[in-house]
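Working notes, structure below.
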Amino acid sequence: MEGTSLYLPIVVLLMQCSPSIPVSVSTDSHKVEAQEFSDAVLSCRFRTEKDQNPRIEWKKKGRGVSLVYYDGHFKAPFEGRASIEGATVTLQRVTQEDAGEYRCEISAPNDSVQLGETNVTLKVLVPPHTPSCEIPSGAVTGSVVQLRCRDQQSIPPATYSWFKNSMPLIAPLRANVTFVINSRTGVLEFKAVAKEDTGRYSCLASNGVGPPKMCEAKHMKIEDVNILAVVAAVVVVFLVVVACSCGGLFLHRNGFFSRHRGRSFWISQCHGAAHISSQTLHRTEDTSNVNYIPPPQEDFKHTQSFML
């Protein structure tokens with residue numbers, strides 16, 4: 001008994017000096033992926049030192065920080081489509097607007113460390129949509145032709161494959177390949193199309209989230225160059241150029257481009273200056289010879305002087 005009584009104070013002292021565990025917060029997964037319109041679980045686990053009823057808050061980071069769960073209630077736009085169990089939140093029918101970084105905060109005022117937090121990033125996956133396809137209706141042999149396929153809504157970005165007449169189009173593994181397919185950008189490029197490339201083309205988009213989607217097939221026809229039409233077009237252009245040149249030369253010879261046509265003159269007078277054109281002078285000279293009767297010599301008086 002005496003030995004036990006000696007050890008008892010030591011045990012009590014060790015218990016008082018043993019460190020206590022402050023509030024700690026963790027998550028099962030820092031990155032969560034959920035398909036669009038499905039449920040997403042944001043895990044949050046905590047352990048406190050003394051406080052049995054800590055305050056639980058969820059916040060979402062963006063341009064600012066918005067409240068998700070505060071004071072025992074969900075805030076808009078999560079109100080009515082979210083639930084909480086412990087500190088773990090389940091978001092229902094998530095959309096792209098729900099994607100982002102969330103923070104779980106646990107406040108324990110009675111603990112030595114009063115605040116703990118953990119972050120969870122939500123990525124909302126979107127299955128492929130029907131891609132938009134740009135397929136020309138026709139081209140001439142030997143030309144470069146590009147067919148384009150794009151789905152801008154799928155997350156992660158879709159990869160693309162092309163079909164000709166409902167059969168997969170696979171580039172042959174040889175040096176003189178006539179076309180190239182970029183599965184990332186969705187571009188099918190023919191370096192020099194031939195008549196054998198005529199057919200119905202379609203594109204398939206897939207990203208592993210939902211079922212692949214294909215655009216409507218469109219027909220592309222490859223034709224040889226019409227030599228007669230090209231020669232006829234060249235002849236027509238040549239004739240037009242010759243006609244324009246002859247017309248310009250004819251107008252130039254007839255004085256339509258003369259620099260002195262319609263030139264005007266200034267005639268000084270004793271009281272000022274009068275402006276008359278050369279055309280007016282010519283018309284005056286022409287009309288002055290019609291029924292002209294010279295005045296009598298005795299009636300002539302010098303009244304003004306003219307100077308050109």
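The values are calculated or read from the model by the stated rules, or taken from the named source; none is laboratory data. All of these numbers come straight from a predicted model, not from anything done at the bench. Glycine gets a Cβ as well: all are built from the backbone with ideal geometry, and neighbour counts include every protein chain shown. For accessibility, only protein heavy atoms count, side chains too; no ligands or nucleic acids. Shrake-Rupley method; radii C 1.70, N 1.55, O 1.52, S 1.80 Å.
Observations
- Accessible-area rank, largest first, for Arg184, Arg150, Arg47, Arg63: Arg63, Arg184, Arg47, Arg150, with all protein chains present and a 1.4 angstrom probe.
- Lysine pairs with alpha-carbon atoms under 22 Å apart, segment 37-170, spacing 8 or more or separate chains: 7
- Highest mean packing first, where packing is the average number of other Cβ atoms within 10 Å per residue, the peptides 70-76, 124-130 line up as 124-130, 70-76.
- Cut-off under 5 Å, modelled amide H: who pairs with Thr141 long-range: Glu223, Asp224, Val225
- For Glu134, solvent-accessible area (1.4 Å; no DNA, RNA or ligand), Å²: 120 Å²
- Cα gyration tensor, segment 159-214 - rounded (a/c under 1.5), prolate or oblate: prolate
- Charge tally around Pro211: other residues with Cβ under 15 Å, Lys/Arg +1 each, Asp/Glu -1 each, net -1.
- Derived from the Cα gyration tensor, the three semi-axes of the equivalent ellipsoid of segment 113-216 are 39, 14, 11 Å, largest first.
- Note on Arg63 and Glu134: their simple-model spin labels are 3.2 nm apart, each label 7 Å out from Cα toward Cβ.
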